[in-house]
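So the structure is just underneath, and the comments pick up after that.
The values are calculated or read from the model by the stated rules, or taken from the named source; none is laboratory data. Just so it is clear, the structure is predicted and the values come from calculations on it, not from any experiment. Positions of Cβ are backbone-derived with ideal geometry, glycine not excepted, and every protein chain shown enters the neighbour counts.
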Amino acid sequence: MNISLITPLAILDLEATGLSITNDRIVEIAIIKVLPSGEKEEFVRRVNPQIPIPEEVTAIHGITNEDIQDAPTFKEIVPELEAFLGDADFAGYNSNKFDLPLLAEELLRAGSTIDLSVRKHVDVQNIFHKLEQRTLIAAYKFYCDKNLENAHAAMADATATWEVLDAQIARYDELENNMDFLANFSRYGDMDRLDFAGRLAYNKEGEAIYNFGKHKGKTIKAVADQEPGYYGWMIDADFPLYTKQCLKKEMAKIKAEREASKEEDKAKSEELLKAKLDQLKNKFK
């Protein structure tokens, strides 16, 4: 094994009812968990999405409505999924733009305790595109000299993704063999995203900002002061649940900072008032 791991790495691939992060649902989830020792464990489940799978989507991944009609819902497999993942970081192919955002939505709907924001996310496609500019099938052939059979079957894609990532570590000297570097290198674009959808991000000063629309580039804190209703609009609008969760966390931080500032100002005022009273008392002694 070429890659150096401190914590387990979960190689993820999802098949879904479509490509909409907010509206579509998972129909199959496959994970290869690679342990620091090099041992591998597998998790693969069909999932009843509770919405129909369009025929054109079935034509891609081969999973029909009949295939999953008796399968458990995502919420029903969450306890098993949480136990399997443990503290693992994540990797996948195009995972930062599709698999992880979709997983985040499903986890939030199911009330899961998994917090993806504290995990590292390595997108093998971004590494590949930055260094070779190809697709998964081509990547598998290029790095592993194998033909990818059963493409769009979740476990086949997850297996290929793992083998490509491990081969990338061996091939490129410029890839540092640690998860911090790989997660940073495989980010989409130069902006440090706060959420998977890229609606929120961090600027060069490390401040949380809006990354779209009329307030693009402005800090969330500044917009909260200038247009308090913008936060409420985002929470009520059709944005991913994970984006809303990240925004709520930032607003909670802002509120806590404001409260702390108020308490500090109050303490200073009380201290100043006490000093003045003491002066008056000394004056009339």
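In a residue-by-residue description of the range 184-206, the property of being part of a helix (DSSP H, G or I) and in the same structural domain as Leu116 (by TED's automatic domain parsing) applies to at least one position. Within the range 100-141, the set of residues being at positive phi and among the polar types (S, T, N, Q) comprises Gln133 only. Only one of the numbered conditions (1) touching a Lys or Arg at 6+ places or on another chain (Cβ under 9 Å); (2) touching a residue at least 60 places away in the same chain (Cβ under 8 Å); (3) not assigned by TED's automatic domain parsing to the domain that holds Leu108 is violated by Tyr210, and that is (2).
I need the full set of residues from the range 101-157 which are among the hydroxyl-bearing types (Ser, Thr, Tyr) and more than 17 Å from Leu241 (Cβ to Cβ), in order please.
Initial filter on the range 101-157 (among the hydroxyl-bearing types (Ser, Thr, Tyr)): 112-113, 117, 135, 140, 143.
Those that are among the hydroxyl-bearing types (Ser, Thr, Tyr) and more than 17 Å from Leu241 (Cβ to Cβ): Thr135, Tyr140, Tyr143.
Contact map, the range 267-285: first residue of a type in the set (S, T, N, Q), second residue at pLDDT below 75 and surrounded by 10 or more Cβ atoms within 10 Å (Cβ to Cβ), Cβ cut-off under 6 Å, separation 6 or more or different chains; the map is empty. Reported count of residues in the range 200-226, each being in contact with a strand residue (DSSP E or B) (Cβ under 7 Å, 6 or more places away or on another chain) and at positive phi, is 1. Comparison of Arg46, Arg25 shows that the only residue that is under 21 Å from the mean Cα position of the chain (by Cα), of a type outside the set (A, V, I, L, M, F, W, C) and more than 24 Å from Val164 (Cα to Cα) is Arg25.
Just to be sure before I move on: is Ala256 assigned by TED's automatic domain parsing to the domain that holds Ser112 and part of a helix (DSSP H, G or I) in the structure I sent?
For Ala256, the condition - assigned by TED's automatic domain parsing to the domain that holds Ser112 and part of a helix (DSSP H, G or I) - is not met.
Condition check ((1) of a type in the set (D, E, K, R); (2) modelled with pLDDT of 95 or more; (3) touching a Cys at 6+ places or on another chain (Cβ under 8 Å)) across all residues:
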site	(1), (2), (3)
Ile31	no, yes, no
Ser37	no, yes, no
Glu42	yes, yes, no
Arg46	yes, yes, no
Pro49	no, yes, no
Ile60	no, no, no
Asp67	yes, yes, no
Pro72	no, yes, no
Lys75	yes, yes, no
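Counting only helices (runs of 4 or more DSSP H) that sit wholly inside the range 44-148, those with at least 1 residues that are out of contact with any helix residue (DSSP H, G or I) (no Cβ under 8 Å at 6 or more places or on another chain) and in contact (Cβ under 8 Å) with a residue 60 or more places away in the chain are 55-61, 74-85, 100-109.
One line per residue, one yes/no per condition, for (1) surrounded by 10 or more Cβ atoms within 10 Å (Cβ to Cβ); (2) closer than 30 Å to Asn2 by Cα; (3) more than 27 Å from the chain's Cα centre (by Cα); (4) small (Gly, Ala, Ser):
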{"residue": "Met179", "(1), (2), (3), (4)": "yes, yes, no, no"}
{"residue": "Ser186", "(1), (2), (3), (4)": "yes, yes, no, yes"}
{"residue": "Asp192", "(1), (2), (3), (4)": "yes, yes, no, no"}
{"residue": "Phe196", "(1), (2), (3), (4)": "yes, yes, no, no"}
{"residue": "His215", "(1), (2), (3), (4)": "yes, no, no, no"}
{"residue": "Ile220", "(1), (2), (3), (4)": "yes, no, no, no"}
{"residue": "Tyr230", "(1), (2), (3), (4)": "yes, no, no, no"}
{"residue": "Leu273", "(1), (2), (3), (4)": "yes, no, yes, no"}
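Take the residues in the range 179-203 that are among the hydroxyl-bearing types (Ser, Thr, Tyr) and modelled with pLDDT of 85 or more, then tell me which one is farthest from Val164 (Cα to Cα).
The qualifying residue farthest from Val164 (Cα to Cα) is Tyr202.
Residues in the range 93-130 that are of a type in the set (Phe, Trp, Tyr) and either surrounded by fewer than 17 Cβ atoms within 10 Å (Cβ to Cβ) or in contact with a strand residue (DSSP E or B) (Cβ under 9 Å, 6 or more places away or on another chain) (or both): Tyr93, Phe98.
Tell me which of these Ser20 doesn't satisfy, since it passes every other one: (1) part of a loop (DSSP other than H, G, I, E, B); (2) at negative phi; (3) modelled with pLDDT of 95 or more; (4) exposed (fewer than 14 other Cβ atoms within 10 Å of the Cβ). So Ser20 meets the others, but not (3).
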